[in-house]
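Here's the structure, in structure tokens; my notes come after.
Since every read-out is calculated from the coordinates, none of them should be taken as a lab result. Keep in mind that what you see is a predicted model, and the values were worked out from it rather than measured. Glycine gets a Cβ as well: all are built from the backbone with ideal geometry, and neighbour counts include every protein chain shown.
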């Protein structure tokens, strides 16, 4: 039997997941993060907590089941689908000027002029700078008087281009949604998750990654039939 082995070389390993705490930004109406001590060293000889949080809390990965009735749950992702090359597109400048900025096809083509065509099977990470607002919930969601959120994301036409023309494996972002904040139809989520591809939200430390060459390792919680789960994402940087 012939086996194919892939060699990964790296010089750094970087956390792309925020630490989970009780005061992290939560999507409206999502359950809060709760911790409760159930055993301590003085009484039990060991320390143990119980915790609860929503499946789409903190740095998390969405599963097809979250947007498609017959989609798979987070537990059904094959192991090999969770170790993938990552590329980073930086729109921090655009997002600073316009918080509603949506990545467009021209942005992608400009990136490719500099760094080469996006390789099929890559996860496209969008660095917007929003990770720097994580400790300020108001700034992170940036809601107006009508409660509409304003943060950047992937444009729907761009998502279709990346899926159809570049055959990407998924998308990720440092905001609470791959869709722009004022977009309430979750188009990018729905398009990407029509197949069991990757959607990562609330990433951090994207400024530490090169435009291409990183390998992403996504440690999911295999919640049976889960709509998603908090995820530990590691970046192996060459």
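Cα-based radius of gyration for the stretch 91-180, normalised by 2.2 N^0.38 Å, reads 1.12.
Within the listed set 142, 189, 62, the residue fluctuating most in the Gaussian network model of the chain (springs between alpha-carbon atoms under 10 angstrom) is 142.
Put a dot 7 Å past the Cα of residue 69, heading toward its Cβ, do the same for residue 132, and the two dots end up 4.5 nm apart. Spin-label model, residue 185 to residue 150: label points 7 Å out along the Cα-to-beta-carbon direction sit 2.2 nm apart. In terms of its C-alpha gyration tensor, the chain has an oblate overall shape, because the principal axis ratio a/c (a ≥ b ≥ c, square roots of the eigenvalues) is not below 1.5 and a/b does not outweigh b/c. Label separation (residue 83 vs residue 113): 3.7 nm, computed from points 7 Å beyond Cα along the C-beta direction.
Listed from fewest to most Cβ neighbours within 10 Å, the set 16, 109, 209 follows the order 109, 209, 16. Remark: the residue 29-residue 237 segment gains 71.3 nm on full extension, using 0.36 nm per residue and subtracting the alpha carbon distance. Pulled fully out, how much extra length does the chain show between residue 48 and residue 164, if you take 0.36 nm times their separation in residues and subtract their Cα-Cα distance? Contour length minus Cα-Cα distance gives 37.1 nm. Over the chain, dividing the summed -39,500 (n - 2.57) contributions of all DSSP H runs of at least 4 residues by the number of residues returns a 222 nm mean residue ellipticity of -4500 deg cm²/dmol. What share of Cα pairs, in percent, lie more than 17 angstrom apart in the stretch 1-73? Within the stretch 1-73, distances greater than 17 Å cover 68 percent of Cα pairs.
For the stretch 147-198, the C-alpha radius of gyration sits at 1.09 times the compact-globule guess of 2.2 N^0.38 Å, with N the residue count. Take the Cβ atoms of residue 217 and residue 19, set R0 to 22 Å, and the FRET efficiency comes out at 0.80. Who wins for biggest fluctuation among 156, 17, 52 in a Gaussian network model of the chain, springs between alpha carbons below 10 Å? The residue with the greatest mean-square fluctuation here is 52.
For the stretch 131-238, the orientation-averaged shadow of the C-alpha convex hull comes to 7.9 nm² (one quarter of the hull surface).
Residue exposure proxy: 215, 175, 9, ordered by other Cβ atoms within 10 angstrom of their Cβ from fewest to most, comes out as 9, 215, 175. Relative to the compact-globule estimate of 2.2 N^0.38 Å, the Cα radius of gyration of the stretch 1-124 comes out at 1.49. What fraction of the DSSP beta bridges in the stretch 117-200 is antiparallel, stated in percent and rounded to the nearest 5? The antiparallel proportion sits near 10 percent. Using the Cβ-Cβ distance between residue 143 and residue 7 with R0 = 41 Å, the FRET efficiency computed as 1/(1 + (r/R0)^6) comes to roughly 0.30. Per-residue Cβ neighbour counts within 10 Å put 10, 47 in the sequence 47, 10, beginning with the fewest.
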